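For reference, the structure discussed in these notes is given below.
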Amino acid sequence: MQPLMRELAQAYSERRAHVSFDFSAVGSDAGLQELRRGSADVALVSRRLQPGEEFDAQSGERLLAYSEIALDAIAVAVHASNPVGSLTLYQLRDIFEGRITNWQQLGGPDQDIHVISREDGSGTRAVFEELVMRDRRVTPTAVVMPSSDAVLGQVAQESAAIAYLSLGYLSAEAPVLAIDGITPSRETVADGTYPIARPLILVHQPNAMSEVAAFAQFARSPAGQAIVMHTFASPGG
């Protein structure tokens, strides 16, 4: 998500030269914590706000405001040498649970599968566990990486690796798999046929300075949505 945020910020600063941005690449939970502490003005979060995050459960007071700016695919990536090109959602769940442990079981080489996951607090991990794992746990043998860049680097190096990450981070070194016969793309996310998708939302304080609200509005404008489409995702609703 960092590439998208940087492109939006750069385009906004070109229109309003007095505005500058400082970035911190952290998970969704950490970004929300920074907002609550007042040490960040806006956070790009890769999941919907949970009960108790948007409104205070007792008073009903709004705690955070947000704008949905895009829908993103959580793509499943493997090494470029891996001949497996498609999995069912059930096979993917069994891999990450540790029930399927060798690529040969899926028509690939006789290699132990190296599962790569994200750290606690990652919005990508939270959505993957919700939509793929359901009530099952990721295998404790999974290698946990602290960022999407780290995940991509690991998959590009390990011929037996499998991982999940935003569609915007993928490259020829880490091709994506079709899931239930559907390849992740802007079109298949927008029409709802790709099964692992999540919203990207810009979150800020309800009483945020006008410049923050203007940036959120820009991200949803035609100019901002053109950047979203160019970067990796599908426009927000």
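The values are calculated or read from the model by the stated rules, or taken from the named source; none is laboratory data. Computed from a predicted model, the values in this text were never measured in an experiment. Reconstructed Cβ throughout: ideal geometry from the backbone, glycine too, with neighbour counts over all protein chains shown. Note: areas computed on protein heavy atoms with side chains; ligands, DNA, RNA excluded. Shrake-Rupley method; radii C 1.70, N 1.55, O 1.52, S 1.80 Å.
Quick notes on this structure:
- Close contacts from region 19-34, counting a first residue that is without any contact (Cβ under 8 Å) to a residue 40 or more places away in the chain and a second that is among the polar types (S, T, N, Q) and surrounded by fewer than 16 Cβ atoms within 10 Å (Cβ to Cβ), with Cβ to Cβ under 8 Å and a gap of 6+ residues or different chains, come to SER20/SER13; PHE21/SER13; GLU34/SER24.
- Among the residues of region 105-128, the ones that are within 12 Å of the chain's Cα centre (by Cα) and outside any loop (DSSP other than H, G, I, E, B) come to 7 in all.
- Sub-9 Å Cβ pairs linking a first residue in region 36-51 that is closer than 22 Å to PHE218 by Cα to a second residue that is β-branched (Val, Ile, Thr) and at pLDDT below 90, at least 6 apart or interchain, are ALA43/VAL26, ordered by first then second residue.
- Hits in region 14-35 - residues which are loosely packed, with under 14 Cβ neighbours inside 10 Å and part of a helix (DSSP H, G or I): GLU14, ARG15
- Exactly one residue out of ALA150, ALA57, ALA142 is of a type in the set (A, V, I, L, M), over 20 Å from ASP180 (Cα atoms) and surrounded by fewer than 16 Cβ atoms within 10 Å (Cβ to Cβ): that is ALA57.
- In region 170-192, the residues that are more than 16 Å from SER86 (Cβ to Cβ) reach residues that are acidic (Asp, Glu) with C-beta atoms within less than 8 angstrom, at least six apart or across chains, in these pairs: VAL189/ASP72.
- Contact annotation: residue pairs with Cβ atoms under 8 Å, 6 or more positions apart or on different chains, pairing a residue in region 63-81 that is closer than 15 Å to ALA197 by Cα and part of a strand (DSSP E or B) with a partner that is of a type in the set (D, E, K, R) and open to solvent by less than 10 Å² (accessible area, probe 1.4 Å), are LEU71/ARG198; ASP72/ARG198; ILE74/ARG198.
- Flag if SER59 is out of contact with any His (no Cβ under 6 Å at 6 or more places or on another chain) and farther than 27 Å from LEU170 by Cβ: yes
- Residue match in region 77-98 (condition: of a type in the set (S, T, N, Q), in contact with a strand residue (DSSP E or B) (Cβ under 7 Å, 6 or more places away or on another chain), within 28 Å of LEU170 (Cα to Cα) and open to solvent by less than 30 Å² (accessible area, probe 1.4 Å)): no
- Considering region 199-224, the residues that are within 17 Å of ALA40 (Cα to Cα) and among the polar types (S, T, N, Q) include one that is nearest to the chain's Cα centre (by Cα), namely GLN205.
- Evaluated against (1) open to solvent by less than 60 Å² (accessible area, probe 1.4 Å); (2) closer than 26 Å to TYR164 by Cα; (3) small (Gly, Ala, Ser), ALA11 falls short on exactly one condition, (2).
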